[in-house]
Amino acid sequence: MKGIEYVESVLDIVKKRNPGEIEFLDAVREVLTSLAPVFDKNPNFIEAALLERITEPERLIYFRVPWVDDAGKIHVNRGYRVQFNSAIGPYKGGIRFHPTVNQSIIKFLGFEQIFKNSLTGLAIGGGKGGADFDPKGKSDNEIMRFCQAFMGELYKYIGSDMDIPAGDIGVGAREIGYMYGYYKKIKSMSDQGVLTGKGLTFGGSLVRTQATGYGLVYFTEEMLNNKGLSFKGKKVIVSGSGNVAIYAMEKAIELGAQIVACSDSSGYIYDENGIDLKVLKDIKEIKRARIKEYIKDKPTAKFVDNYKGIWSNKCDIALPCATQGEIDEHGANELIKNGVIAVSEGANMPSTLQAIDLFLENNILFGPSKAANAGGVACSALEMSQNSMRYAWSFEEVDERLKEIMSNIFNNIKKTAEEYGEEDNLIIGANIAGFIKVANAMLAQGVV
């Protein structure tokens, strides 16, 4: 059987088994369609049914999360954890609190995490979790009670050598702290390695807050340097305004870029003089307010109440850092029309498959999420190492390790793309490089 025939046959199986799970099916198709040449070179991978196995989670956990708000009203949310693949290490992946969370999204994120974690070169498998809980507008006490209720079920399935969750959308240091505190209480043990993204006073790592954003920029700078380009003097649009976006902006500015626009779910701000990061951090990190507040301090800036419209503005580099599917075909065409030279993904699959095709067809440099935003999970694994050693590295030590990891990821996927005749297609390079490491581990471990 030829590689493409095998891939198509497995895609058909996955589609029939997972009806209506659009996000998961898109993620599987995006990866598998890159892998046909791998099976032509390695027919033993077909005999071992590697695709049939790698597209089916090892374990999918679904549970209810009842909690009580400040008014005494009882609410019930849905909690999830997918433990997708442990061939190269314990499950590792974030927890997302967002009203859009469902089984399809958790599976899509967990599937992507397999290959992202593989690319870091570290011994971590793929997992993901979350709940359809919306933390916006909730008090600290309500957030705490929800986190405790969520951990009251999740604790049964995690551990420092089994499954190590971290943060994601809606889950930051505050939420990780509440979850770890409750885990420690109900387990009657101090197992700091069970969660990453912790506070610095109880086992957290320096740079973890900045890691995904910094890592994105380190990767993108490597991609630009490879073509004789850099961030210096470039106009950059960064969607989102959470940790990933803010610290991508910080590092890009440090490298000489000007950030002209960013967003949240209510809309986007555009400032032709460059976003004032100090003002933005105060609004988003301290006040936890909506991004529109920015124009009160910067009246020359404008606010537009359509976050997807951010891509209609002129820029040299686009860094989508908000959520999946935020750049569609229209957004991609707008970016291309306005002269974008590079798009690098800070969120998980923020570009639709149609948008990605347009970027590649128009020779836009494209950094796929499973490579470009791997800095967060890489730093989480570095936090795990520090927890195991009962030792903390300095900011400079962790940052240097992160930079080296992101450089290695770029060089690895570029080399792999060239090996398979796709010199500038980093998507194919990332998918193949990430897959082969996991595939060889699965093959060595037998049918499990």
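The values are calculated or read from the model by the stated rules, or taken from the named source; none is laboratory data. The model shown is predicted, which means the values in this text are computed figures rather than measured ones. Note that we place each Cβ from the backbone using ideal geometry, even for glycine, and neighbour counts take in every protein chain shown. Just the protein is used for accessible areas: all its heavy atoms, side chains included, with ligands, DNA and RNA removed. Shrake-Rupley method; radii C 1.70, N 1.55, O 1.52, S 1.80 Å.
Numbers below:
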read-out: Qualifying chymotrypsin sites (Phe, Trp or Tyr not before Pro) for the stretch 360-410 [loop in DSSP, other Cβ within 10 Å: at most 12]; value: Y391
read-out: Centroid-to-centroid separation of the stretch 9-28 and the stretch 229-307 [C-alpha atoms, Å]; value: 36 Å
read-out: For the stretch 374-400 and the stretch 117-153, distance of Cα centres in Å; value: 20 Å
read-out: For L229, distant residues with modelled amide H under 5 Å away; value: none
read-out: Theoretical ellipticity at 222 nm over the chain - DSSP helices of four or more residues, -39500 (n - 2.57) apiece, nearest 500; value: -14000 deg cm²/dmol
read-out: Of A48, A123, S160, farthest towards positive along the dipole that unit charges on Lys, Arg, Asp, Glu beta carbons give the stretch 42-197; value: S160
read-out: Rule-of-thumb Rg ratio for the chain [Cα; 2.2 N^0.38 Å; N residues]; value: 0.94
read-out: Accessible area of the chain divided out per residue, in Å², using a probe of 1.4 angstrom; value: 40 Å²
read-out: Trypsin sites (Lys or Arg not before Pro) restricted to DSSP loop in the stretch 173-266 with at most 16 other C-beta within 10 Å; value: K227, K232
read-out: Helix runs (DSSP H) in the chain reaching 24 Å along axis by Cα, Kyte-Doolittle at least -1.0; value: 103-119, 395-419, 426-444
read-out: Reference-scaled alpha-carbon Rg (2.2 N^0.38 Å with N residues) for the stretch 181-287; value: 1.33
read-out: Coarse-grained scattering of the stretch 59-187 at q = 0.11, 0.19 Å⁻¹, given as base-10 log I(q)/I(0) from a Debye sum over alpha-carbon atoms; value: -0.35, -1.01
read-out: Cα principal axis extents for the stretch 113-254, largest first, Å; value: 55, 37, 29
read-out: Solvent-accessible area, 1.4 Å probe, carbon plus sulfur percent, for the stretch 210-363; value: 46 percent
read-out: Of K136/K292; K370/K403; K73/K284; K136/K287; K251/K281, those spanning more than 18 Å from alpha-carbon to alpha-carbon; value: K73/K284
read-out: Reachable aspartates and glutamates, given that their alpha-carbon falls under 14 Å from the alpha-carbon of K308 and they are not under 8 places away in the same chain; value: D264, E326, D328, E329, E334
read-out: Under-5 Å amide H pairs with G94, H placed in peptide plane, nonlocal only; value: G129, A166
read-out: Protein-only accessible surface order, largest first, of R401, R64, R78 at 1.4 Å; value: R64, R78, R401
